[in-house]
Structure formats: structure tokens, C-alpha cells
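Working notes, beginning with the structure itself.
The values are calculated or read from the model by the stated rules, or taken from the named source; none is laboratory data. These numbers were taken from a predicted model, which means no experiment stands behind them. Here the Cβ positions follow ideal geometry from the backbone for every residue, glycine too, while neighbour counts run over all protein chains shown.
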Amino acid sequence: MKNPVLSVLLIVLNNKQFIAAAIQNYLDQQCAESELVIMDGASTDGTKEIIESQAKNNPQIRWVSEKDKGQSDAMNKAIRMAKGKYISFLNVDDFYEPGTLNQILQLIKSGETAEFIVGNCNVWDSDGKLIYVNRPKKLKPWHILSGKYLPVNPTAYFYKKSIHDKVGFYTMENHYNMDVEFIIMASTVAKMKYFDSTWGNFRVLPDTKTGSDAEAGKMWERKNQLFERKLKELGFYIFLRTKLFLYYLHYKNVFKKKWQAG
């Protein structure tokens, strides 16, 4: 496709277990004005062959298989390949809700959207049980830096590729929460808008980077370190607003518990 509106970017390395389902999830969206860009890190387990087979019969799929310098590097390569005005990342073990891409396309064409749009995301455990639904209703920098309204998975948000012209690409040295860092920076330069509609599905699996990090108790430790670093970098105004919002959340919770207790 010469001029897709949406580019879905899929990063994969040796994940034969999920790659076919991820590609099929994209194809099932039946979104004609989109493309799927697959960046494979030179897989050796059969992943590459599955991609090649699927791409032969689907002109909406473009792909590259080559070594990279890590996930952030692969993500940046995929962004540079993308032809769409808006982009979204589809992690190989996650999936969109039916009709999501066409819903996003309609929002873009209607003019009701923003540079960065966010919906709800179902979060599932390894047994297929729903843990919770992520609803990031507030999207100012201090809301995101509080950790309370953080979008948890890229299947539930879409953004203009041009945001990278303002804040740069994903940080090569950040191997764990490069997406969180980008969301924080994007919130300081782009209008972000929440839609109360479920778009994405995030599977927390024990053998993935996110799952193993959470299991080891490192995930929130890393995020909090990132939040503290960004608060120092982004200046006094955002620092103050974030701290005030955290105080508000704390005392709101205290009063709620007192009210419930009697």
C-alpha cells in the first residue's frame, strides 16, 4: 500500500509460538488503509519462515529480518519504515480487540482524535484470566508520572509518527521501559486524548521480559526510578504538579478508607 493511514509495527525475535497468531490478529482487523511492518531480529527458530509465508500473499505486510542492537533499536527501525501517519506497536504475544483499527481510522478521519490517543486495555494472566482493565483516563504529564494513569500496553494507544520529530526515538540504552519513557516525553509535547473504548489486550506471561521482571519485583522499581529521573529532567512546574497530584491521590485514599470504615 502506497499511503496507509495506520502503520502497525510488530517486533519479534525467535517467537514461533505467537507470530502466526499476531499476524492473523492484524489481518482479522480487515483495515484496508493500514499496513503491518514486521521487524524480525534474524530469528532462527522458524519465525522468519512463518513471516515470509504470510507476507507472500498479503501486500499489506512489509518485513525485514536482520540483527539489531536490542528491542529499542528494532522499534526505531520499524518506525523509520512506517508509511502511516499514525503508528501502533503490536507485541507478538498481545492482540487488538476486533474492529479496533477501523475504529481508530474513523476517529482520525472524523477529526475527533488527537496526536496521541489512548483507549482501555484488558490485562490477562498466563491462564487466560482477566486481571484488570487499564483505563488511563487522565493523560497530563503529572498524571502519567504518578503511575496512576499509565497506559500499560501499545495495543491500546495510537500516535502520530511525527511526535518522534519532537522528542526523538526510543532510547537505545533503555531495555525495559522504553515505552513508558516515550509516553512521558510525548505527554509534554503532544495533545493526548482518552476514549472509553477497549482496544487492546496485554498478556502478562512469566517467560516474557515484562512477566519475568514483574515476577522478580523489578518492574515497578524500574518505573519508579524512571519517574524520579524524569521529574528532575522536566523542570520545576511538572515536578510540582506531579507531587501535588500524588498528595491528592494519597489523601483521597485516606478519606475513602475512613468513610468506608464508618
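If you check every pair at least six apart or on different chains, which have Cβ atoms under 6 Å apart with a residue in segment 158-174 that is under 17 Å from Glu233 (Cβ atoms) first and a residue that is of a type in the set (Lys, Arg) and buried (at least 18 other Cβ atoms within 10 Å of the Cβ) second?
The qualifying pairs do not exist here.
Can you name every residue in segment 133-156 that is hydroxyl-bearing (Ser, Thr, Tyr) and farther than 20 Å from Arg222 by Cβ? Outline the logic, then answer.
Step one: list which residues in segment 133-156 are hydroxyl-bearing (Ser, Thr, Tyr), which gives 146, 149, 155.
Across segment 133-156, the qualifying residue is only Thr155.
For segment 159-180: of the residues being out of contact with any strand residue (DSSP E or B) (no Cβ under 9 Å at 6 or more places or on another chain) and of a type in the set (Ser, Thr, Tyr), which is surrounded by the most Cβ atoms within 10 Å (Cβ to Cβ)?
Only one residue tops the list, namely Tyr170.
Any idea which of (1) at pLDDT 95 or above; (2) in a loop (DSSP other than H, G, I, E, B); (3) touching a Leu at 6+ places or on another chain (Cβ under 9 Å) is the one Val189 doesn't satisfy?
Only one criterion in (1) at pLDDT 95 or above; (2) in a loop (DSSP other than H, G, I, E, B); (3) touching a Leu at 6+ places or on another chain (Cβ under 9 Å) is unmet by Val189, namely (3).
Answer yes or no: is there a residue in segment 30-38 that is without any contact (Cβ under 8 Å) to a residue 60 or more places away in the chain, over 29 Å from Leu130 (Cβ atoms) and either assigned to a loop (DSSP other than H, G, I, E, B) or basic (Lys, Arg) (or both).
For segment 30-38, residues without any contact (Cβ under 8 Å) to a residue 60 or more places away in the chain, over 29 Å from Leu130 (Cβ atoms) and either assigned to a loop (DSSP other than H, G, I, E, B) or basic (Lys, Arg) (or both): present.
Give the residues of segment 67-113 that are assigned to a loop (DSSP other than H, G, I, E, B) and out of contact with any strand residue (DSSP E or B) (no Cβ under 8 Å at 6 or more places or on another chain), sorted by residue number.
Scanning segment 67-113 gives Lys67, Lys69, Gly70, Pro98, Gly99, Gly111, Glu112.
Within the set of pairs 6+ apart or on separate chains, which have a first residue in segment 114-143 that is in contact (Cβ under 8 Å) with a residue 60 or more places away in the chain and under 16 Å from Thr100 (Cβ atoms), a second that is surrounded by fewer than 19 Cβ atoms within 10 Å (Cβ to Cβ) and of a type in the set (Lys, Arg), and C-beta atoms under 6 Å apart?
Ile117/Lys193; Asn120/Arg135
Filter segment 1-50 down to residues that are within 20 Å of the chain's Cα centre (by Cα) and of a type in the set (Val, Ile, Thr) and give me whichever is surrounded by the most Cβ atoms within 10 Å (Cβ to Cβ).
That would be Val8.
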